[in-house]
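Everything below concerns the one structure shown next.
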Amino acid sequence: MSIGINTNYGTNKYAGINGNQEPAWTKNDDKEKEKEKAASVAQSGVIYDKQDASAQAANSEKVDEKAIYKKSKEDRAAIVQQLKAAEEQQRNNLISIVQKTLQGQVGAYGTAKGDDFWRQLAGGKFTVDAATKAQAQKDISEDGYYGVKQTSQRLFDFASALAGDDVDKMKEMQKAMEKGFKQATKTWGRELPSICKETMNAANKLFEDYYSSKEKGTEV
């Protein structure tokens, strides 16, 4: 899925979602020792029957399942810290995306409505020609790029891409989205245009529909 942000109307260029690699897991020393032991047994000429081999395989699987618990307390803490840092980065990414998206929407709104305050606040031009104004009006229309429907869907898609279809993570992303909206409001020092509020309401509805689909076992 390719997701982008229109950077017209004075918004800064968006570099995209920072990729976060999964934490590097250390080599399973126990597993390597098992391999060395098996090789040593094979060289010694010892022959096991199928039942013994099956039992050994089952024991090996149990060892693998518990490998993480055999790591030192410090190693486990480091892994947990890496996971938390990755999740925090994802939330910060979405907050930034929300702010940039709202900045673009506000800029389009100001241009379309001839509102100098919002247009200039979003970094837009001081003067707007007829063609630019007409395009902005189209962009904030019901089916426009910065209209409520498309903008709310983009925000939801960004969150979904970051959460990876995990309900708990989606809930965290929803909170991050709302935080981004509040931060944008606080930064600009006044209530955002109604189109922004409608967009957030529509995005929250998409989240609620997603949760309902998971409870019913269906897809959004």
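Here is how the numbers come out for the structure above:
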{"item": "Flag if residue 210 is touching a Gly at 6+ places or on another chain (Cβ under 7 Å), more than 16 Å from residue 90 (Cβ to Cβ) and either open to solvent by less than 40 Å² (accessible area, probe 1.4 Å) or of a type outside the set (D, E, K, R) (or both)", "result": "no"}
{"item": "Some residue of the stretch 147-156 being open to solvent by less than 50 Å² (accessible area, probe 1.4 Å) and over 27 Å from residue 215 (Cβ atoms)", "result": "yes"}
{"item": "Filtered residue count, the stretch 192-207, keeping only those that are farther than 21 Å from residue 165 by Cα and in contact with a Ser or Thr (Cβ under 7 Å, 6 or more places away or on another chain)", "result": "2"}
{"item": "Boolean, residue 90 is at pLDDT below 95, closer than 22 Å to residue 209 by Cβ, within 26 Å of the chain's Cα centre (by Cα) and not in a loop (DSSP other than H, G, I, E, B)", "result": "yes"}
{"item": "Residue in the stretch 155-165 that is under 24 Å from residue 136 (Cβ atoms) and among the acidic types (Asp, Glu) present", "result": "yes"}
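Let's see how each residue does on (1) touching a residue at least 40 places away in the same chain (Cβ under 8 Å); (2) farther than 19 Å from residue 93 by Cβ:
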site: 129; (1), (2): no, yes
site: 141; (1), (2): no, yes
site: 149; (1), (2): yes, yes
site: 153; (1), (2): yes, no
site: 156; (1), (2): yes, no
site: 165; (1), (2): no, no
site: 168; (1), (2): no, no
site: 172; (1), (2): yes, no
site: 181; (1), (2): yes, no
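The values are calculated or read from the model by the stated rules, or taken from the named source; none is laboratory data. This is a predicted model, so every value here is computed, not measured. Positions of Cβ are generated from backbone atoms using ideal geometry, with glycine treated the same way; all protein chains shown enter the neighbour counts. Protein only, heavy atoms only, side chains kept; ligands, DNA and RNA dropped before computing areas. Shrake-Rupley method; radii C 1.70, N 1.55, O 1.52, S 1.80 Å.
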